[in-house]
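Student: The structure under discussion is supplied below as structure tokens; questions concerning it will follow.
Coordinate-derived values only; no laboratory data. Owing to the predicted nature of the structure, the values given are computational and were not obtained by experimental measurement. Positions of Cβ are backbone-derived with ideal geometry, glycine not excepted, and every protein chain shown enters the neighbour counts.
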Amino acid sequence: MKKAKRYGMVIDMKLCVGCGACVVACKTENEVPEGLHRDWVVEEVQGVYPTLSMNIRSERCNHCSNAPCVTSCPTGASHTKEGSNIVLVTPRKCTGCRACMASCPYDARFVMPEGYVSKCTFCDHRLDQGMDPACASVCPTRAIRFGNLNEPMSEVSRLLKSRSHEALIPEAGTDPNIFYLS
Amino acid sequence: MTEIAITTGKHAHEAGASIGIWGWEIPVYLFLGGVTAGIMVVAAIAILQGRDKKWPAAANKLILWAPVLISAGMAALFLDLSHKLYVWNFYLTFQITSPMSWGAWILVLVYPLTFLLILATFKKGYPDWYAKGESWIKASPLGPYIKWLYKAIQLAEKYKKIIAGATLSVGVLLGIYTGILLSSFGARPFWNSAILGPLFLISGASTGTALVVLMARDHGERSFFTRADLGLIATELFILALFLIGLASSSQQHIEAAKLVLGGTLTPAFWIAIVFIGLMLPAFFEILELKGREIPKYVPPVLVLTGGLFLRIVFVYAGQVSAWAAY
């Protein structure tokens, strides 16, 4: 049997300048309506002037390996794409009950103007054509890297082996797949 | 000092962090679901105990309101859905890991069971309405088919205790489910305690008991259910204390969630609306009443019902304020 793909992102906080190109690319590629975002940039400043440190993170759905938005969905609309960890929503199955939104510790989901819930798809339509997600492909500093974490020699796996990194809120128990190099 | 800025905007800012997930509809639905669960449990126990002489309101009158209130609750739930035309998807599947899916199917069980119990008890509980309904049906084009209704009533009366047993189990399931629905969300630390199941069940039973007190004409029945409610209120206070101890002795995020009601922004709502108005005050009046003081008879049960609604409002809101992330 072919091993399931575990897609993930490795984002280098030392390279990210917070330009927001990933956000714009995502909105354009996925036609995300005004006021809604599938990804966003967080600037976290610690300390008191003049001793300050800053982290800039491009954030989105973590496509968790143990995704509570999938297990809490009463209709099966929220599901993982076969053979991978990509979490997707089928609009015609979604009732808009928003159990998935309540279950997501990252608040990565939102309600579309039509009423169904939407979120980052890791641009699975682009992956099918062998391309990277839009956010990763436009990153001007190449801070966002995308790949299969189950493949030991993939770029993302090698970055995680060689660099110190963290995931966001791993203690929420969802086994997230986006990592930040520090 | 840590300052967090979301430079490119996160959809959640529109809704004010995650607070905007659920509005008034869900607390109202959980309240009405809880009252229905209470009605089913109390009525089923009264029927199983064969107390229709001693507790006429609980055994014969109460159950009529179960389908009425659960329908109102489901209407609130429907109003909450943002993709309303696709509501039927709930009933094309059963998702074993989703409490909401369990709930959708439990709600379906409520109707046949409570309708059968209504068939079995309506004539005794509401003799005037029964006589009116009977003569209305006889005069209508449905007249010739009334013997089918008599047959159904006869069957329901014959198997009343078996139906009541099933009603009791589904009532308990319904009551617990209204709590588990919230507690299963690990992402919201304030909800993330399995004791919410028993808490909402006991609160539901208390509101169901309050309805009996409102309906009862018989003094003996009133005072029995007033005493029963006192016990339920004491149990609820005990469970609330356990709930807070559980949160306050867990991880930092759970401690932060407990702080919301232990000095934080929701402290007045929790202690005044739930604990004082919804539990202590009715308990105080119930004790006075049992001691023979003249208390306006609607005051304690109405306070209990109000407290039940406050409990759901505060819990549903508090869960959405508490989060793992600081932004």
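Student: State the answer as a single residue: which of B:T207, A:A172, B:V28 lies farthest towards the positive end of the charge dipole of the protein assembly as shown, with beta carbon charges of +1 for Lys and Arg and -1 for Asp and Glu, about the Cα centre.
Tutor: Checked the options; the winner is B:T207.
Student: Just the number, please: Stokes-Einstein D of region A:1-133 in µm²/s, Kirkwood Rh from C-alpha pairs, 25 °C, 0.890 mPa s.
Tutor: Working: Rh = 16.2 Å.
Taking Rh from Cα pairs, D becomes 151 µm²/s.
Student: Compute the FRET efficiency between A:L160 and A:V17 as 1/(1 + (r/R0)^6), taking r as their Cβ-Cβ distance and R0 = 35 Å, and round to the nearest 0.05.
Tutor: Numbers: r = 22 Å, r/R0 = 0.63.
So the FRET efficiency works out to roughly 0.95.
Student: I've got another one for you. Quick one: Karplus J couplings for region B:195-203, per residue in order, coefficients 6.51, -1.76, 1.60, θ = phi - 60°, nearest Hz, x for Gly and Pro?
Tutor: Whole-Hz 3J(HN,Hα) from phi for region B:195-203: 5, 4, x, x, 4, 6, 5, 5, 4.
Student: Compute the label zone of B:I162 within region B:107-121: residues whose backbone N is under 17 Å from the point 7 Å along Cα-to-Cβ.
Tutor: Those under the cut-off are B:112-121.
Student: Let me know the whole percent of all Cα-Cα pairs from region B:16-155 that are separated by more than 19 Å.
Tutor: Value for region B:16-155 (Cα pairs over 19 Å): 62 percent.
Student: On a 0 to 90 degree scale, rounded to 10, what angle separates helix A:21-30 from the longest Cα axis of chain A?
Tutor: Approximately 20 degrees, to the nearest ten.
Student: A further question follows. List the trypsin sites (Lys or Arg not before Pro) within region A:80-182 that DSSP assigns to loop and that have no more than 14 neighbouring Cβ atoms inside 10 Å.
Tutor: Here the trypsin sites (Lys or Arg not before Pro) that fit, given the DSSP loop and packing criteria, are A:R142, A:R163.
Student: Based on Cα coordinates alone, diagonalise the gyration tensor for region A:77-182, multiply each eigenvalue by 5, take square roots, and list the semi-axes in whole Å, largest first.
Tutor: Working: eigenvalues 141, 58, 34 Å².
Its equivalent ellipsoid spans semi-axes of 27, 17, 13 Å.
Student: Multiply the residue separation of A:Q46 and A:T141 by 0.36 nm, subtract the distance between their alpha-carbon atoms, and state the gained length in nm to one decimal. Working shown, then result.
Tutor: Values: separation 95, 0.36 × 95 = 34.20 nm, distance 2.34 nm.
Result for the pair: 31.9 nm of gain on full extension.
Student: Right, another one. Please find the FRET efficiency linking B:S251 to B:A326, where r is the Cβ-Cβ separation and R0 is fixed at 22 Å, and quote it to the nearest 0.05.
Tutor: 0.90
Student: For region B:75-193, what relative contact order do you get, as a whole percent, if you take Cα pairs closer than 8 Å and at least 6 residues apart?
Tutor: Relative contact order comes out at 29 percent.
Student: Apply the Karplus parameterisation 6.51 cos²θ - 1.76 cosθ + 1.60, with θ equal to phi minus 60°, to every residue of region B:123-132 and state each ³J(HN,Hα) to the nearest whole Hz, in sequence, with x for glycine and proline.
Tutor: In residue order, the calculated couplings are 4, 7, x, 10, x, 5, 4, 4, 4, 4 Hz.
Student: Here's something else I'd like to know. Long-range amide H contacts for B:I6: which residues qualify at under 5 Å (H placed 1.01 Å from N, peptide plane, sequence gap of 5 or more or a different chain)?
Tutor: HN-HN under 5 Å from B:I6: A:E43.
Student: Which of A:Y49, B:Y29 comes first, and how do the rest follow, when ranked by fewest Cβ neighbours within 10 Å?
Tutor: Taking fewest neighbouring Cβ atoms as first place, the list is A:Y49, B:Y29.
Student: If you take all C-alpha pairs in chain B, what percent of them are over 31 Å apart?
Tutor: 38
Student: Same structure, new question: Full extension from B:L262 to B:R51: what is 0.36 nm times the residue separation minus their Cα-Cα distance, to one decimal in nm?
Tutor: Working it through step by step, the gained length comes to 71.6 nm.
Student: Using only Cα atoms and rounding to the nearest 10 degrees, what angle (0 to 90) does helix B:219-248 make with the longest principal axis of chain B?
Tutor: 20
Student: So how do B:I137, B:I313 line up by other beta-carbon neighbours within 10 Å, fewest first?
Tutor: Taking fewest neighbouring Cβ atoms as first place, the list is B:I137, B:I313.
Student: Okay, next question. Which whole-number percent gives the relative contact order of chain B, counting Cα pairs below 8 Å spaced six or more residues apart?
Tutor: 23
Student: How long are the three semi-axes of the equivalent ellipsoid of the protein assembly as shown, in whole Å, if each is the root of 5 times an eigenvalue of the C-alpha gyration tensor, listed from largest down?
Tutor: Each semi-axis is √(5λ); the values are 51, 27, 17 Å.
Student: Test of understanding: express the Cα radius of gyration of region A:133-182 as a ratio to 2.2 N^0.38 Å, with N the residue count.
Tutor: Against the empirical 2.2 N^0.38 Å value, I get 1.19 for region A:133-182.
Student: A further question on this structure: For the pair B:D128 and B:A234, how long in nm is the line joining their label points, each one 7 Å along Cα→Cβ?
Tutor: With each label placed 7 Å out from Cα toward Cβ, I get 3.8 nm.
Student: Just list whichever of B:K54/B:K138; B:K53/B:K138; B:K132/B:K160; B:K54/B:K160; B:K161/B:K297 have alpha carbons separated by over 26 Å in the model shown.
Tutor: Check vs 26 Å cut-off fails for B:K54/B:K138; B:K53/B:K138; B:K161/B:K297.
Student: State the cysteines of chain A left without a partner when partners are defined as other cysteines whose beta carbon lies under 4.7 Å away.
Tutor: That list is A:C16, A:C19, A:C26, A:C64, A:C73, A:C94, A:C97, A:C104, A:C123, A:C139.
Student: Provide, in order from the shortest bin, the percent of all Cα-Cα pairs of region B:220-327 in each 10 Å bin, continuing until the bin that contains the maximum pair distance.
Tutor: 14, 41, 26, 14, 5, 0
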